[in-house]
Amino acid sequence: MTLLVTGGAGFIGSNFVLDWFETRDEPIVNLDALTYAGNLANLAPLQGDARHSFVKGDICDRALVDRLLATHRPRAIVHFAAESHVDRSIHGPGAFVRTNVEGSFTLLEAARAHWAGLQGDEKSNFRFHHVSTDEVYGSLAPDAPAFTETHPYEPNSPYSASKAASDHLVRAWHHTYGLPVVTTNCSNNYGPLHFPEKLIPLMIVNALAGKPLPVYGDGRQIRDWLYVRDHCSGIRAVLSGGRPGETYNIGGWNEKANIDIVRTVCTLLDELKPDPAGPYARLITYVADRPGHDRRYAIDARKIERELGWRPAETFESGIRKTVQWYLANADWVASVQSGAYREWVSKQYAQA
Ligand code: NAD
Ligand code: DAU
């Protein structure tokens, strides 16, 4: 028994792989192209661990994916690999179409060919688990009910449109070819190993460096936050008990306005690493809004709770404290990901800040 994980050197993928081996010995083959967002240092605790095989490669490389499937005969593919940052998708959507749409298509075709050659239990137990996002549903009005699995798809950014396209391909490969797929649509994750281009790690890293904390627009946009290891446990629950062809929303019922998130991070830093120059909130700076910025996301997680008994282990208060503590304890990791390319991105994105 083996899993083929794609994108397992990124934020959620590496947390998934590390978490997996805390309770299981089933091997993982980890296929990741190591883009700017992929980092082998995330997997350092697994160095020399025979259960984990890392393969540097692209999910668009059909010959490579075919070879991995034939060699390792995984019982499931857990597909995380993606371009994941909305702001980058606004600057350069091409990479998002390539990886998120063409890459998912390549994996589906390889999985279909592989699955067609399986027999008996190996065939009926095979799963293609597609990891997706709540952003495919678009933006919610302030008083609208949270997204259920039947909410219409209304993606608004190049990123969410590319993820929506991949979700549709996955659905069609089940409906037309019978490929046993499951899709999970999760809300905003946070936690250790989160690349500091996203809101929470960017605020922690900038605050510690005494830099402005850039809040887009009025800061009242709402996201629904889930601690990354809770997303991982949700994926495990769906992988083992989810019904083929079904989609499951994953979320922690934690809607927060961006400005409140930033203030919480500042308050925790004031407690854990006080700055002699004054409270970190002095660094909050309102900047131009993201084009097409979705106002509100919220996940209705009742299906996964009801069918699979899944519940998050962390509250927002416990998870955000652990997260800030992790960044304070891992200054070397933070320094190592702030390469020249990272600095170029920050100066391009926040030129007006
Ligand atoms: P990430 O950007 O941190 O990591 C993506 C990983 O994919 C990186 O390791 C990168 O090297 C790899 N990758 C990119 N292109 C590749 C390619 N062509 N071939 C092979 N590997 C490639 O992303 P993340 O935040 O960990 O998100 C993982 C998945 O979860 C994505 O599919 C994303 O859409 C989804 N998701 C993310 C969130 C969130 O809050 N971060 C929430 C819901 C769903
Ligand atoms: O909802 C799930 C999605 O969450 C995932 O599918 C994406 O991969 C992930 O990146 C995330 O998308 P968001 O756009 O919601 O995350 P981000 O951290 O970029 O931004 C969170 C909110 O904070 C959003 O409303 C924009 C705002 N923001 C972000 C940055 C980087 C700011 O105000 N300032 C910033 O500098």
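Structure notes:
- Evaluated against (1) in a strand (DSSP E or B); (2) open to solvent by 20 Å² or more (accessible area, probe 1.4 Å), residue 229 falls short on exactly one condition, (1).
- Looking across segment 233-256, the residues that are open to solvent by less than 10 Å² (accessible area, probe 1.4 Å) and among the small types (Gly, Ala, Ser) come down to 234, 242, 251.
- Taken over segment 129-150, the criterion of being in contact with a helix residue (DSSP H, G or I) (Cβ under 7 Å, 6 or more places away or on another chain) and crowded, with 19+ Cβ neighbours inside 10 Å is satisfied by 129, 130, 131, 132, 133, 135, 136, 147.
- Residue among 274, 201, 214 that alone is within 15 Å of ligand 2 (Cβ to nearest atom) and outside any helix (DSSP H, G or I): 214
- Just one of (1) open to solvent by 40 Å² or more (accessible area, probe 1.4 Å); (2) part of a helix (DSSP H, G or I); (3) within 14 Å of ligand 2 (Cβ to nearest atom) fails for residue 112. It is (3).
- Extreme residue, nearest to residue 350 (Cα to Cα), among residues of segment 277-291 that are within 16 Å of ligand 2 (Cβ to nearest atom), open to solvent by 60 Å² or more (accessible area, probe 1.4 Å) and out of contact with any strand residue (DSSP E or B) (no Cβ under 6 Å at 6 or more places or on another chain): 288
- Members of segment 1-28 that are open to solvent by 10 Å² or more (accessible area, probe 1.4 Å), β-branched (Val, Ile, Thr) and near ligand 1 (Cβ under 7 Å from one of its atoms): 12
- Subset of segment 47-100 [part of a helix (DSSP H, G or I), open to solvent by less than 30 Å² (accessible area, probe 1.4 Å), within 11 Å of ligand 1 (Cβ to nearest atom) and of a type in the set (A, V, I, L, M)]: 64, 65, 86
- Residue list for segment 316-350, filter: among the hydrophobic types (A, V, I, L, M, F, W, C) and open to solvent by 70 Å² or more (accessible area, probe 1.4 Å): 329
The values are calculated or read from the model by the stated rules, or taken from the named source; none is laboratory data. Predicted, not measured: the structure shown is a model, and the values here were computed from it. For neighbour counting, all protein chains shown are included, and Cβ atoms are generated from backbone atoms with ideal geometry for every residue, glycine included. For the accessible areas, the whole protein counts, side chains as well, though only heavy atoms, and no ligand, DNA or RNA atoms are used. Shrake-Rupley method; radii C 1.70, N 1.55, O 1.52, S 1.80 Å.
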